[in-house]
Structure formats: C-alpha cells, structure tokens
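Coordinate-derived values only; no laboratory data. Being a predicted model, the structure only gives us computed values, none of them experimental. Cβ placement follows ideal geometry from the backbone for every residue including glycine, while neighbour counts extend to all protein chains displayed.
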Amino acid sequence: MQEIFTKVLGEMRTKVSDFNYKNWFQNLSWDFEAPDQVVVKVPSKFVRDWIQSHYLELIKFELYRQAGKEFQIAFRIDKKTTANLELFAETQAPANVEPTVAKIAEKPSSARHHMMTDGFNANYTFENFVVGNSNQLVHAACQAVAREPGRSYNPLFIYGGVGLGKTHLMNAIGLEIRRQNNNWRMLYVTGEHFTNEVIHAIRFNKTLELRKKYRDNCDLLLVDDVQFIAGKERTMEEFFHTFNALYEARKQIILTSDRLPRDIQGLEERLTSRFGWGLLADIQAPDYETRLAILMNKAEREGFILPHEVGDYIATNVTANVRDLEGALVRVFAFASLSKMKVNLDLAKEVLQNLIAKPQIKLTVESIQARVSDFFNLKIADLKSKRRHKNLAVPRQIAMYLCKIHLSASFPEIGHKFGGKDHTTVMHAVQKIRKCIEGLDEKIKADVKTLEKNLGLPL
Ligand code: ADP
Ligand code: MG
C-alpha cells in the first residue's frame, strides 16, 4: 500500500506546481487503516482544510487510478508531522485579528482542482485562461481544434517552458469538446503515464488491449509532456503506430512538450517529423499586463481581495511563469490568513522576499568597497585611508581580496582604487586573507562568505 501512496504522490508532483507540492504534499504521511480507508496525517488544521478544499478530489482520483478502487479519506492532525514551511505550523497566530481576510483565504471553493473521471481538471477551461500577446496564437489554435477536432490542425503540438499554460490549454480543449458532444471518446494521458502503460502491457502480455484502447476506442488523444517518451524504444514504437492509426482515421491528436520536436533528444526521426505535420504552436512567458490580468483573474476565482499595489508588486517581480505567479499569490494570502494580517504591500514583500531574486548588482571595485564598508560599519574613505588600526586593516584586506578573486583587476589597479596603495600591499592583503581562510580563521571565513552572499556571488 505504501507503494501506491508513493505513486500517488508522484502523480501529484506532476499535477500541482512545485511550490504547492512542497507546501502541501511533501511532508504528508498516510496510513491505510481499514481496507478502504486512508488516513492522511497533516501537521495542522489549516493544512487539513486547505488540502480538503483544494486537493481532495485529485487525491481520490489518483488513488482510484493507482489502486483500482475507491477509498474513504480521513484526516488526522498529527503534531509530529512537520509542516514544510513554518508558516503553516499554526502556532504563533498573533492576536491581531483581521477575520475577513482569514475567512476569505480559507473559504473552500467548490470547483477548485476538481478532477473529473476522465482525468481532466475542471478548472482548466478556456474561460479561466487569460489571453495576452504571449499566448494568443496558441489560444486561437486550441479553440479552432476544439471547434472542429480532426479537421483544423492535426496534430496540434503545443510547446513552451514550464508553467506557461500548456496543460491548461490542452484540458480546455478536452472540456470544450466534452461540453459540445459527449460521444467523443477522449484519452488524456501524460507521456509518463503512457510509458508506464506500455511497460505494464508488455510485462503482462496486454499489448492487444493497449492497442484497442488507444487506436480503436479513441477519437481524440491528448498526450501531455510527450517529450517523456523520448529514448524509450518500445514506447516510441507503440506511439508511432498509435499515431498513424489515429491520424489515418482522422482522429484528433494533441500533444504538449517543453520544447520543439526537433529539440527533443532521443526522439525518433519518424516521430519528430510527424509531430510537425499539423501545427507547432509555441506559448511564451506572459508580459506584465497579462501577468497582472492572470493574478486578478485568479484572485477573483479564489475569492481573494487583491489590492492593486500587491498585484502590481507580484506581477512586476515574478516574471518567469504563470505557475510561480499563482504560487506567489496563494502564498501571500495563505500567510495573511494564518497570521491574521491584512494583505498589503509590506506583507507581500515580507512573504515573498525569498522567492523574488534581488536584481543582480554589477560587481565592481566600487560596489565591493561599498558592501564591505557597509558590512563593517565603516566609511569607504576608511578603506582607502592609510590608517593601520586592526579594525580598518582587516576589512580593507578583505575588500582587496574580494576584488582580486572576483574581478579580473590587476594588483596595481586595485591598489590605485584603494587610495593609491602600492601593488605589493594588495598582494600581501590577498595572501593574508587567503591564508586565514585556509587556516580556518572562522571569523574571517564567515565574514567573507557573508559578503560574497551579499554581493550575489555563488557560494
Ligand atoms: P504547463 O503545463 O505549461 O507547465 P500549466 O498549464 O500547468 O503549465 O499552467 C500552470 C498554472 O498556470 C496553472 O494553474 C494554469 O491554470 C495557470 N495558467 C497558465 N497560463 C494561464 C493563463 N494564460 N491564464 C490563466 N491561468 C494560466
Ligand atoms: Mg504541464
């Protein structure tokens, strides 16, 4: 049974964002108590409620898929289970109460993460998809396919980086077709799932059933993250024949991948070329306006009241993908709810400080001097002076050391910028600090490390 649990968690990992996985799933443990009952151990009431309102259907669905039967799910609050983030530990909720925000953030929403029996996520509709410059072409292509499956673009191949909405759009097509006509037999799988099915079929002599399922009894095949099959010979072989059978029968095929077919290493040439027979549509990272619109849209659906300055802050700083954008939003509201504080710019900054990378400062002799003098509470002039008091000499030497190690500056150049010192002084300083670090002078070592971190240098 624990094996099933591991598999379910594995599926969760692919279905929810990394952020959400870490927050809600990573530290869960489960017991199978009665034959049909699973007890999920959670660290706090808050985690329980959140999982219940957001992920219960998904967990049930995956359990069903992995175990082949339905389970009752109960939750137990187990203080020994540690929450991943202290912020979910629910211990020091301050008395400063702002009940409305807490209610809003914890309000269970009926439709969230609702999985339907065929594996589609009911939230991933066209309606919930925000269209902007970065995705309008692919969005239009998906709508065309949903209108006339098998006739517009076949296959439709959607590619783009993680968290940009590929799975969402693919789901939207499926849901839309389902809405129009329930007779379409659709199969929605991930590349990984398909691979596992092939392995299973081979092992248990069930390849005929597999073929029937994918080639004969399917009008529309959606394979998410198809790049996963690359390098797996039997799976690619099976997929090749499936593709041909469906294509010839004018059945619609929709694929997503994190890159173009020709960039997928280990993908057979005959598949690479077939994947390009229809339309290759790319999806790109959204621009500021689209990011803000996505945040507002998401907030509205979750019942959050998003102050403009907070939306602006997140949209300005979280730029890589939509998944992180949504993760940041949820994090801010979850934190506010837990700590019973009001959502405002200060809170958002505080909560997101670790997620939002600081803009890289350009490394120069001057910027190193500024950081070092700051760190030791000195003036830059002190670093450049000729005074030899230990409280000045060591920081000065550290600053010189950092300049030499991390900039391609010469000894004389550095000496010049430290108040016109001789290059031998700089050489001596660099040697001395290096020896201190190697000789395990803990204090200097730690200071240098902290400074390097402050300067944004990799450790
Ligand atoms: P991918 O499959 O490309 O890695 P997903 O489709 O899983 O990305 O999208 C990640 C998250 O971002 C999902 O919650 C999805 O609903 C959301 N999302 C992505 N693009 C949009 C968009 N344009 N409008 C609204 N939500 C979006
Ligand atoms: Mg995806």
How far, in nm, would the chain grow between R147 and Y21 when pulled straight, counting 0.36 nm per residue and subtracting the alpha carbon separation? 41.9 nm
Among the lysines, select those whose C-alpha is under 20 Å from the C-alpha of K384, and discard any that sit fewer than 8 residues away in the same chain. K404, K417, K421, K432
Cross-link partners of K206 among lysines (Cα-Cα below 25 Å; sequence separation of 8 or more within a chain): K7, K69, K232, K251
Indicate, rounded to the nearest 5 percent, the antiparallel portion of the DSSP beta bridges found entirely in the chain. 20 percent
Please sort by residue number the chymotrypsin sites (Phe, Trp or Tyr not before Pro) in region 192-268 whose DSSP state is loop and whose Cβ has at most 16 other Cβ atoms within 10 Å. F204
By how many nm would the segment from K443 to K7 grow when fully extended, if each residue of separation counts as 0.36 nm and the alpha-carbon distance is taken off? 152.3 nm
If I stretch the segment between I405 and E237 completely, what's the gain in nm (0.36 nm per residue apart, minus their alpha carbon distance), one decimal? 55.2 nm
Summed residue charge, Cβ within 14 Å of L295's Cβ, Lys/Arg positive, Asp/Glu negative: -3
Which whole-number percentage describes the relative contact order of the chain, with Cα contacts under 8 Å and a sequence gap of 6 or more? 14 percent
Straight-distance crosslink candidates among aspartates and glutamates, where the alpha carbon sits under 16 Å from K453 and sequence neighbours closer than 8 are dropped: D374
Can you pull out the trypsin sites (Lys or Arg not before Pro) in region 118-209 whose DSSP state is coil and whose Cβ has at most 15 other Cβ atoms within 10 Å? R151, R185, K206
Efficiency by 1/(1 + (r/R0)^6): what FRET value for Y288 and D374, r their Cβ-Cβ distance, R0 = 41 Å, to the nearest 0.05? 0.80
